[in-house]
1. Within the set Lys144/Lys345; Lys38/Lys276; Lys30/Lys131, which residue pairs have Cα atoms separated by over 29 Å?
2. Please compute the modelled spin-label separation between Asn124 and Asn350, points set 7 Å along Cα→Cβ, answer in nm with one decimal.
3. Nearest 20 debye, what's the magnitude of the dipole of the range 171-267 about its Cα centre given +1 on Lys and Arg Cβ and -1 on Asp and Glu Cβ?
4. Just how large is the dipole of the range 330-379 about the Cα centre, in debye to the nearest 20, putting +1 at every Lys and Arg Cβ and -1 at every Asp and Glu Cβ?
5. Just for the chain, what percent of DSSP beta bridges are antiparallel, to the closest 5?
6. Between Lys30 and Val147, what is the spin-label point distance in nm, taking each point 7 Å from the Cα along the Cα→C-beta axis?
7. Any idea of the accessible area per residue across the range 32-188, 1.4 Å probe, to the nearest Å²?
8. Taking a temperature of 4 °C and a viscosity of 1.567 mPa s, what whole-number D in µm²/s does Stokes-Einstein yield for the chain with Rh from Kirkwood over alpha carbon pairs?
Amino acid sequence: MNVAKKIDQTQAKNIWIQAQCLNMKNPFGKNGSESVAKAIQHLGYLQIDTINVIERCHHHILYNRIPSYQRKHLTAAQTLDKTVFEYWTHALSYVPTTDFKYFINDMKSVNTAKGSWFGSVSKNDYQKVKKLLQKNPISIRDIKGDVLKEKRHEWDSKKPSKLALQLGFYNGDFVVSEREGMLKKYDLALKHFGWEKLPNSVTESDRLNYMIDRAIRSQSIISLDSICHLQPQKKISIEKILNQRVAHKKLIEIDMPTAGKTKHWMPPDILEQKIKTNELTHILSPFDPLIIQRKRLKMFFDYEHLFEAYIPKEKRKYGYFSLPVLMKNNIAAVLDLKTDRQNQKLLIQNWVWLSKFKSAENKHQIEIALDKFEKFQLN
């Protein structure tokens, strides 16, 4: 009979922070695009988001793990080195190119039947964009001569070619080869990567094990929810593999006082490692891997993050685009920030202290972090 290993909340926080590489100054080195590729490989994916109140989250997340990070480093990794590509995980994300094979079955399952999202894409529209891509990478702005149609929703385009580009992206024919801000340039996947054919697809078992290993690498302490974030249909199959790993002593069950009935597991050797207590201060994106899984965040840190951008102003607790501040192993404050690019300033819209963390010393440390963050925002 397997007996769950008891760990306290402080241990759990320290282990997760270390898995996220937030307790080290330069965990991925200072080598530009190489550091970016290493960071995304470790995290498993890097969420992309369009919100631009401050620096977009994909740049912000990398900055917190690569202090010397510059936006051009991600561009180089995607466009020149081709070590990362874009695809859908739980959201649109940068993913290591070495993991492309794990998404082939998702690509093959893209539905083009009538009535589906891509059911209105005509063969002519698809071949039109494919022919253009055989010459050069293109963005939607490069496509002329479309017969415009009515938008189906607010984020749709009047150009049929845009949906054709999206279809090619999701079915693996096309890849986003470059971003200019948030404007995407597409290329043929084979041409972009210099491949003769796409990688072979993996078995479903391989895919499930990949999801587990990805979670272990970036979380250390894992649960069904944390492995299957926004993919609940995978839980039954994942749990079977987890039980097999426990039986073979590759995982042990963890008993955390704040977890309630939620089961957690971790590799036994992690408990033998020396976990470095975090001494750094990080202003985190609301889409950071440490923050994005709200239930898990509350379980570990006793902090419930509220994303209030779509809540009426008078009902907000923290602010429009609030950012949690990690100090040592606590969320100590929440800052609502906005970048004033015209006047080259980072504006503090609201500052909320949590629990007992308000002090002159903590304020000083956060101000130092804010000064560095402002320079990153405006460089």
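1. Values: Lys144/Lys345 39 Å; Lys38/Lys276 20 Å; Lys30/Lys131 40 Å.
Long pairs (Cα-Cα over 29 Å): Lys144/Lys345; Lys30/Lys131.
2. Result: 5.3 nm between the two label points.
3. 220
4. Working: 8 positive and 6 negative charges, 9 e Å.
That gives the range 330-379 a dipole magnitude of about 40 debye.
5. Looking only at bridges with both residues in the chain, the antiparallel portion is about 95 percent.
6. Modelled inter-label distance: 5.9 nm.
7. Numbers: 7290 Å² over 157 residues.
On a per-residue basis, the range 32-188 sits at 46 Å².
8. On the way: Rh = 22.6 Å.
Once the numbers are plugged in, D ends up at 57 µm²/s.
The values are calculated or read from the model by the stated rules, or taken from the named source; none is laboratory data. Computed from a predicted model, the values in this text were never measured in an experiment. Positions of Cβ are generated from backbone atoms using ideal geometry, with glycine treated the same way; all protein chains shown enter the neighbour counts. To get the accessible areas, we keep the full protein, side chains included, count just its heavy atoms, and leave off ligands, DNA and RNA. Shrake-Rupley method; radii C 1.70, N 1.55, O 1.52, S 1.80 Å.
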